[in-house]
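Student: Shown below is the structure under consideration.
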Amino acid sequence: PGEPLDELSKRYTGDLTWLGINADGDFFNHRSRMPLNYWAQATWLSGNTEQLEQTLIGDQRFASGSRNQDVNAWALDLGLRWNIDEQWRVGGAYARGSGGGDDDQSEQFMQTGLESNRSNFTGTNARLHRFGEAFRGELSNLQVATAFTSWQLRDDYDASLVYHRFWRVDDNQDIGESGIIAPLQAGEKEVGQELDLVVTKYFKQGLLPAAMSEHLDERSALVRFRGGVFKPGAAYGSGTDALMHRAFVDFIWRF
């Protein structure tokens with residue numbers, strides 16, 4: 001107890017088993033010619049854990065103890081996308097990771113820790129964070145409703161505009177890791193909402209100087225902007241900033 005925690009600190013140990021089933025209708029294939037793409041996944045989690053209890057002092061989290069619990073939890077992830085034509089796509093998604101429990105048993109779902117939570121769910125070649133480029137949440141005591149549209153111009157450009165809304169499942173329990181360090185208020189479920197924009201320019205042979213293009217295959221280089229604006233909900237209390245944002249510019253050159 002009393003030790004400071006960071007993103008690399010181990011939060012729990014235990015014996016856990018994840019069991020999942022999914023149905024995939026080309027949802028993560030940006031070249032799909034199907035008019036509708038879908039995704040459905042259900043995951044069950046069982047086992048037992050020794051979890052680290054935490055307390056927040058200012059902007060720093062500290063260990064405050066530990067507790068042993070049996071775990072019985074589940075998660076659901078659904079997605080549907082309509083490919084209007086070769087350029088435009090629209091769709092929606094919903095995800096829920098269970099929460100709740102008592103001192104002896106936890107119903108709070110936890111991801112494996114190996115996930116990136118990034119995928120090209122909007123129908124373009126760009127991989128976006130499934131739970132917000134700014135919020136960067138985990139599916140733990142959290143439900144997320146998502147709407148998106150995307151646009152693609154040949155092999156040269158693509159863009160995605162994504163809206164997320166987040167709620168807690170159990171309003172007296174913390175959520176998983178996220179990009180927001182502010183503490184949550186008991187009794188409030190609304191975590192917040194976010195708007196993301198991701199735009200990519202792809203480079204091919206003929207669009208770069210000859211000395212560079214001879215080393216590139218088609219679509220071997222890109223410049224990508226990834227940005228998100230998060231508006232905290234009532235669960236973060238009145239002292240939290242009105243808006244939080246995160247933005248990146250990536251340059252990728254595949255040799």
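All of the numbers you see were taken from the coordinates with simple rules; none came from a lab. Keep in mind the model is a prediction, meaning the values are calculated, not measured. We place every Cβ from the backbone using ideal geometry, glycine too, and count neighbours over all the protein chains shown.
Student: Based on other C-beta atoms within 10 Å, arrange Ser220, Ser46, Ser106 from fewest to most.
Tutor: Fewest to most other Cβ atoms nearby, the residues stand as Ser46, Ser220, Ser106.
Student: Starting from 0.36 nm per residue, how many nanometres of slack lie between Asp70 and Arg165 once their C-alpha separation is accounted for?
Tutor: 31.2 nm
Student: Moving to a separate point now. Treat each spin label as a single point 7 Å out from the Cα along the C-beta direction, and report the Phe248 to Leu36 distance in nm.
Tutor: A separation of 3.4 nm, rounded to one decimal place.
Student: Arrange Leu153, Leu139 by Cβ neighbour counts within 10 Å, fewest through most, would you? List each step's numbers first, then the result.
Tutor: Details: Leu153 12, Leu139 24.
Least to most surrounded, the residues fall as Leu153, Leu139.
Student: Scale the Cα Rg of the stretch 70-253 by the rule-of-thumb value 2.2 N^0.38 Å and send over the ratio, two decimals.
Tutor: 1.19
Student: Give me, ordered by chain and number, the residues 5 or more places off Gly192 or on other chains with an amide H under 5 Å from its own placed amide H.
Tutor: Phe166, Gly233
Student: Once you place label points 7 Å from the Cα toward the Cβ at Arg154 and Ile21, how far apart are they in nm?
Tutor: 4.6 nm
Student: While we're on this one: Take His245, His30, His164 and order them by how many other Cβ atoms sit within 10 Å, fewest up front. Let's see the in-between values first.
Tutor: Numbers: His245 14, His30 18, His164 27.
Fewest to most other Cβ atoms nearby, the residues stand as His245, His30, His164.
Student: On a C-alpha basis, how far is the centre of the stretch 118-196 from the centre of the stretch 63-114 in Å? Whole number, if you could?
Tutor: After rounding, the separation between the Cα centres reads 12 Å.
Student: Could you give the nm distance between label points at Trp88 and Asp102, where each point is 7 Å from its Cα heading toward the beta carbon?
Tutor: Inter-label distance under the simple model: 5.4 nm.
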